[in-house]
Amino acid sequence: VFDRFISYLNEQNFDYSTPADEHLSGLKSNLGQFEDEEMIKERITEMKSSLQNQKQEQVRSSRDFIERNIEREWISQVYGREERNRISLKNDEYVSKAIELLLDNESYQTILKP
């Protein structure tokens, strides 16, 4: 699912702007103020490339989050909001931990007592 999602983003030439992108664009538009304009253009191009790589890495590092949300949206579209909520709760690590704690009476009692 994730690979298909990334392929779709690439096919659509999807990109998003960050504050760093805005700052680099501002720098580029004011190059006339600098003596060595060509060197600065090269540096800006290098920074833009680095920023693009970081954005791609950020998407890859969010793979689990993206997959979970695609699954939730798909389930919501196909089966409705109630089923989406049921699946979300089933896969929620905090809910799972809470259920585990409630089933372990000794741990549960320990938490209740000061």
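The values are calculated or read from the model by the stated rules, or taken from the named source; none is laboratory data. In this text the structure is predicted, and so the values were computed from the model without any measurement. The protein model used for the area step is the full one, side chains on, heavy atoms only, and it has no ligands, DNA or RNA in it. Shrake-Rupley method; radii C 1.70, N 1.55, O 1.52, S 1.80 Å.
Return the carbon/sulfur percentage of the accessible area of the chain, one whole number, probe 1.4 Å, all protein chains in place.
Its accessible area is 51 percent carbon and sulfur atoms.
Solvent-accessible area per residue in the chain equals 85 Å², computed with a 1.4 angstrom probe and all protein chains kept.
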